[in-house]
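Below: one structure, written as structure tokens.
Taken together, the values in this text are just the output of simple stated rules run on the coordinates, not laboratory data. This structure is a prediction, so every number in the text was calculated from the model and none was measured. Heads up, the Cβs are rebuilt from the backbone with ideal geometry, glycines too, and the neighbour counts pull from every protein chain shown.
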Amino acid sequence: MDDRREFSLEKAVQQSREGRHEEARIAMLELLEQHGESAKLMYELASIHDRLGLEREAVPYYERSLELGLGEPERPEALLGLGSTYRVLGEYDQAQRVLGNAVEAYPNHAELRVFLAMALHNQGRHAEAMKLLLDEIADHSAHEGVQSYQRAIRFYADRLDEVWTK
């Protein structure tokens, strides 16, 4: 991306941060028309459409940003955005596929597992969803009470439906 285009995109992103989402969206669409596609621009267009509640319009921008080789640190964010957007559109299998692959590719991004849990819930895979969430709570909660029961939370995470009779 040339310097002028990069500056213009940064300016549009700043507008979005300031809550001027529609103004930013228009500026980004003008950049697309004037300079063509780039992975970063397509990702920012996807994100701004999501913020504006235009989820269906965001999907092709997310997909194209990934096809164009979007790099770090935006790539895991784009995968989360795409998977989450599929989920809110009711496309649960697509959401689970994207988020599941993202979790494999970026195992240190806990937020991906949380969003995957939501998609699994929507697919009726409640036990898997609960396990993911309970593991995240056990791993990442700073709450003293939760930490004191970390071992029990981990133990029960995949045994929620078991009943002990003795």
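At a glance:
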quantity: Label selected from (1) 58; (2) 49; (3) 55, the criterion being percent of Cα pairs over 20 Å apart as computed here; calculated: (1)
quantity: Cross-link partners of Lys40 among aspartates and glutamates (Cα-Cα below 15 Å; sequence separation of 8 or more within a chain); calculated: Asp2, Asp3, Glu6, Glu10, Glu30, Glu63, Glu67, Glu72, Glu74, Glu77
quantity: At R0 = 45 Å, FRET efficiency that the Cβ-Cβ distance of Ala152 and Gln14 yields, to 0.05; calculated: 0.45
quantity: Taking the chain and dividing mean pair separation by its residue count, relative contact order in percent (alpha carbons under 8 Å, at least six apart); calculated: 12
quantity: Mean Cα-pair separation over length for the stretch 1-74, i.e. relative contact order, pairs under 8 Å, 6 or more apart, %; calculated: 26
quantity: The stretch 137-148 - phi-based ³J(HN,Hα) in whole Hz, Karplus 6.51/-1.76/1.60, Gly and Pro as x; calculated: 5, 4, 6, 10, 6, 8, 5, 4, x, 5, 4, 5
quantity: Helical contribution to [θ] at 222 nm, DSSP H n ≥ 4, -39,500 (n - 2.57), averaged over the chain, rounded to 500; calculated: -23500 deg cm²/dmol
quantity: Under 5 Å, built H, 5+ apart or other chain: amide partners of Leu54; calculated: none
quantity: Cα-based shape type of the stretch 125-166, given that a ≥ b ≥ c are square roots of the gyration tensor eigenvalues and the cut on a/c is 1.5; calculated: oblate
quantity: Order by protection proxy (mean Cβ within 10 Å, highest first), peptides 39-46, 117-124; calculated: 39-46, 117-124
quantity: Gyration tensor verdict on the stretch 71-136 (Cα atoms; rounded if a/c is under 1.5, prolate if a/b is larger than b/c, oblate otherwise); calculated: oblate
quantity: By average C-beta atoms within 10 angstrom, highest first, the peptides 16-27, 141-152; calculated: 16-27, 141-152
quantity: Extreme residue, positive dipole direction of the stretch 125-166, given options Leu134, Ile153, Trp164 (C-beta unit charges); calculated: Trp164
quantity: Estimated vicinal HN-Hα couplings, Hz - the stretch 114-124 in sequence order (Karplus 6.51, -1.76, 1.60; Gly, Pro = x); calculated: 5, 5, 4, 4, 4, 5, 4, 4, 4, 7, x
quantity: Cα centroid of the stretch 33-67 to Cα centroid of the stretch 103-146, whole Å; calculated: 27
